[in-house]
Amino acid sequence: MKLYYRISDKSYEKQKLIGTNKEVCFMNFCKAFAPVIFDSLVNPPDESSTNLFEPPVKVFCDNCDRKTTKMVDSSGLPYSVSAEGNAGSLRLAIKTALEECNDNELVYFCEDDYLHKESAPVLLEEGIKRADYVTLYDHPDKYTRFYNGGEFSKVIKTASSHWRYTASTCMTFGCKVKTLREDEEI
C-alpha cells in the first residue's frame, strides 16, 4: 500500500469537526497508518537492498504556509511543495502514483481533514477486494433530501466493517493502480 496525503492552507471555509485542525488530522493519519509506513523498514522489499529507508507515503503541501510546511517537515516523511489547488494537487498525486507504483499496488489518496480509525489500513484492504474504488468516509450528504433520505445501494459485510455502493465520494479514496491506469482519461 502506498499513501498520498494532501494538505493545504487554502481550503474553503466549512464547519470542521470540533477539536480538529490540520495538525490533528495529519498526526492521526500518521498514527493510523504507522504499520503501513514502517512495515517496509522492518520488512524491506529487497533484503539485499542497502538503500536508505523510504516510507511508502508522500505528502503534498499545496499552498501551505511556513508553519504547516515546518510541521510536515518535522514528521520526517517525504513531501513536496506546490501551488496547484485542490483538484490540481490530486492530479499531481495521481500522476505520481502512476509513475512510481506497479499495477497491483493499493494506493490511498487522503485529504487533510479526515480522522482515521487504527483499523484504516485493514479496512482499505478489505474494501478493495469488493470494489474498484473504496472510501472510508460515509458522506452525510447521501442521507439528505437530495437523495430522498438515502441512496438505493447494495450493502456488503466484511470481517471488520460493512460497505455500500455509492454514486460519488470526496477526493479521499483508495484503489489499485491498475484501475487508475484504466480510468486515467476519465
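Residue check, TYR137 against (1) under 23 Å from LYS10 (Cβ atoms); (2) in a helix (DSSP H, G or I); (3) touching a Phe, Trp or Tyr at 6+ places or on another chain (Cβ under 7 Å), all met but one. Which one?
Single failed check for TYR137: (2).
If you check VAL59 against the conditions, is it β-branched (Val, Ile, Thr), surrounded by fewer than 19 Cβ atoms within 10 Å (Cβ to Cβ), closer than 30 Å to PRO140 by Cβ and modelled with pLDDT of 95 or more?
Taking the combined requirement at face value, the residue does not satisfy it.
Can you name the number of the only condition in (1) surrounded by 14 or more Cβ atoms within 10 Å (Cβ to Cβ); (2) more than 24 Å from THR68 (Cα to Cα) that ASN86 fails?
(2)
Per-residue answers, yes or no, for (1) hydrophobic (A, V, I, L, M, F, W, C); (2) modelled with pLDDT under 95; (3) over 16 Å from ARG6 (Cβ atoms):
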site: LEU90; (1), (2), (3): yes, no, no
site: GLU105; (1), (2), (3): no, no, yes
site: TYR147; (1), (2), (3): no, yes, yes
site: ALA167; (1), (2), (3): yes, yes, yes
site: LEU180; (1), (2), (3): yes, no, no
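What residue, of THR166, THR179, is surrounded by 14 or more Cβ atoms within 10 Å (Cβ to Cβ) and in a loop (DSSP other than H, G, I, E, B)?
Details: THR179 fails: in a loop (DSSP other than H, G, I, E, B).
Of the residues listed, the single one that is surrounded by 14 or more Cβ atoms within 10 Å (Cβ to Cβ) and in a loop (DSSP other than H, G, I, E, B) is THR166.
Across the range 141-156, which residue is farthest from the chain's Cα centre (by Cα) among those that are outside any helix (DSSP H, G or I) and loosely packed, with under 10 Cβ neighbours inside 10 Å?
Narrowing the range 141-156 to residues outside any helix (DSSP H, G or I): 144, 148-156.
With loosely packed, with under 10 Cβ neighbours inside 10 Å added as a condition, the list becomes 148-149, 152, 154-155.
On the way: ASN148: 29, GLY149: 28, PHE152: 26, LYS154: 24, VAL155: 22 Å.
Among residues in the range 141-156 that are outside any helix (DSSP H, G or I) and loosely packed, with under 10 Cβ neighbours inside 10 Å, the one farthest from the chain's Cα centre (by Cα) is ASN148.
The values are calculated or read from the model by the stated rules, or taken from the named source; none is laboratory data. A quick note: this is a predicted structure, and the numbers were derived from the prediction, not measured. Reconstructed Cβ throughout: ideal geometry from the backbone, glycine too, with neighbour counts over all protein chains shown.
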